[in-house]
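Single-structure report; data block below.
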Amino acid sequence: MKRVIVGLSGGVDSSVTAYLLKEQGYDVIGLFMKNWHDDSVTISNECPWLEDSNDALMVAEKLGIPFQTVDLSEQYKERIVDYMFNEYERGRTPNPDVLCNREIKFDVFMKIALDLGADYVATGHYCRKDTIEIKGKPVHRLLAGVDGNKDQSYFLCQLSQEQLSRTLFPIGELTKPEVRKIASENNLITAEKKDSQGLCFIGKVRLPEFLQQKLKPKEGQIIEVAAEEVLQKRTTPTFNTKNEELAFNAQKVSYSPTDGKVVGKHQGAHYFTKGQRKGLNVGGTPEPLFIIETDVDKNLIYTGQGKNHPGLFRKALFVTNDELHWVREDLALKVDQTMEVMARIRYRQPLQKATLYQVDGGLYVDFNQPQSAITEGQFVAFYQGEELIGSGVIS
């Protein structure tokens, strides 16, 4: 009997994960990760992790599997929270869920599991894994979940071959309604529980308030830039090489206060992100304002009217070599090589046709169609068919 340690989060997905593995004859242990207990930054008096750990405990008791809680809050603060504050201060928008998987669940947590004699770690992610052989060596493939509506492969885009070799995703073949049905047929307390929102494992914390704990409010101006102004800045020059064209298409437009008019005030450019519409509190425009750029150094926010404002769109993006990651190391491009892929720049975005171009300093992702709100600090993930082959931080 192979031993599997399940990250029991107190939600329905991980509960059914544990149930299925036990049915398949694995020696299953449930482990709850406590990642946060700094009560100064929880917004409500609710204590979500306590409620979640109780639910996880009750599921373990129902399934008759051993259960314990591990406190990873120190590592979580160091690797996730401090990183997030740092990124926001730089004017980038990090993705804590991708990082939490890479740094916590499949690193710190996985090491604890292996120390407990586990052969595998299992999580309730909607994705799949299979293993093929290339040149006599096993190669693990990370595949999209069967439920297109819930596919979470994007959140695992930073996993390595080593991490995948030790991982199981039992619900990847199921849809969410099927998972809930299994939970309710087996009287698991989490069957009807709502999916968790908020930061990965911090629970009911809202991001702006969370950021205000560390990044102090600082009043600045909101500037509205007309579409024509952007189009003038983006006149396309003639290019001598493909690299010049890629560099131009991946470049942000740079704005100055004279490019538009002041339409309001904000409490800190570092609280806002590109493509954001809510929270600006500026009315009276025919179409809603969207953020087209933030300048954290000068504490300015640039906005444009409507979701089709040209300031929102870019055709290409760049990933530096040190922030580029191949899940399939055997497919990594060499300088001057290209590859046709499908790509996405955020979790729920439908896959987009793109071409990868590897150059000296990194990788260009050149989309067939311009993309809205390409945001520094977020992850771009590349797919071939249903397989996620690599990813990188948008620079």
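Among the residues that make up the stretch 258-267, is at least one of them outside the structural domain of ILE374 (by TED's automatic domain parsing), within 22 Å of ASP336 (Cβ to Cβ) and either in contact with an Asp or Glu (Cβ under 9 Å, 6 or more places away or on another chain) or of a type outside the set (Phe, Trp, Tyr) (or both)? Walk me through it before giving the result.
Looking only at the stretch 258-267, we keep the residues that are outside the structural domain of ILE374 (by TED's automatic domain parsing), and these are 258-267.
Pick out the ones that are also within 22 Å of ASP336 (Cβ to Cβ) and you get none.
Checked against the condition, which is being outside the structural domain of ILE374 (by TED's automatic domain parsing), within 22 Å of ASP336 (Cβ to Cβ) and either in contact with an Asp or Glu (Cβ under 9 Å, 6 or more places away or on another chain) or of a type outside the set (Phe, Trp, Tyr) (or both), the stretch 258-267 yields no hits at all.
In the stretch 132-184, what residues are among the β-branched types (Val, Ile, Thr) and either without any contact (Cβ under 8 Å) to a residue 60 or more places away in the chain or not assigned by TED's automatic domain parsing to the domain that holds LYS194 (or both)?
Narrowing the stretch 132-184 to residues among the β-branched types (Val, Ile, Thr): 132, 134, 139, 146, 167, 171, 175, 179, 182.
Selection gives ILE132, VAL146, THR175.
Scan the strands (runs of 3 or more DSSP E) fully inside the stretch 226-328 and keep the ones with 2 or more residues being surrounded by fewer than 13 Cβ atoms within 10 Å (Cβ to Cβ). Working first, answer last.
On the way: elements: 260-266, 289-295, 300-305, 313-320, 324-326.
Hits in the stretch 226-328: 260-266.
For GLY91, indicate whether it is within 30 Å of PHE272 (Cα to Cα), of a type in the set (Gly, Ala, Ser) and either surrounded by fewer than 20 Cβ atoms within 10 Å (Cβ to Cβ) or modelled with pLDDT of 90 or more (or both).
Details: within 30 Å of PHE272 (Cα to Cα): yes; of a type in the set (Gly, Ala, Ser): yes; either surrounded by fewer than 20 Cβ atoms within 10 Å (Cβ to Cβ) or modelled with pLDDT of 90 or more (or both): yes.
The answer is yes for GLY91.
Answer yes if at least one residue in the stretch 74-81 is over 15 Å from the mean Cα position of the chain (by Cα), modelled with pLDDT of 90 or more and not charged (D, E, K, R), and no otherwise.
Yes, the stretch 74-81 contains at least one residue that is over 15 Å from the mean Cα position of the chain (by Cα), modelled with pLDDT of 90 or more and not charged (D, E, K, R).
Can you pull out the residues in the stretch 1-55 that are at pLDDT 80 or above, of a type in the set (Ser, Thr, Tyr) and assigned to a helix (DSSP H, G or I)?
Scanning the stretch 1-55 gives SER14, SER15, THR17, TYR19, SER53.
Taking the stretch 329-355, which residues are part of a loop (DSSP other than H, G, I, E, B) and of a type in the set (D, E, K, R)?
Of the stretch 329-355, the ones part of a loop (DSSP other than H, G, I, E, B) are 332-337, 345-351.
Correct list: LYS334, ASP336, ARG346, ARG348.
Looking only at the stretch 348-375, how many residues end up being at pLDDT 95 or above and over 18 Å from ASN308 (Cα atoms)?
Selection size over the stretch 348-375: 15.
Could you please find all residues in the stretch 219-249 being among the β-branched types (Val, Ile, Thr) and closer than 16 Å to GLN305 by Cα?
Just the residues of the stretch 219-249 that are among the β-branched types (Val, Ile, Thr), to begin with: 222-223, 225, 230, 235-236, 238, 241.
Listed by number, the residues that qualify are ILE222, ILE223, VAL225, VAL230.
The values are calculated or read from the model by the stated rules, or taken from the named source; none is laboratory data. On a predicted model such as this, the values are computed, not experimentally measured, just so you know. Cβ sites come from the backbone with ideal geometry, for glycine too, and all protein chains shown count toward neighbours.
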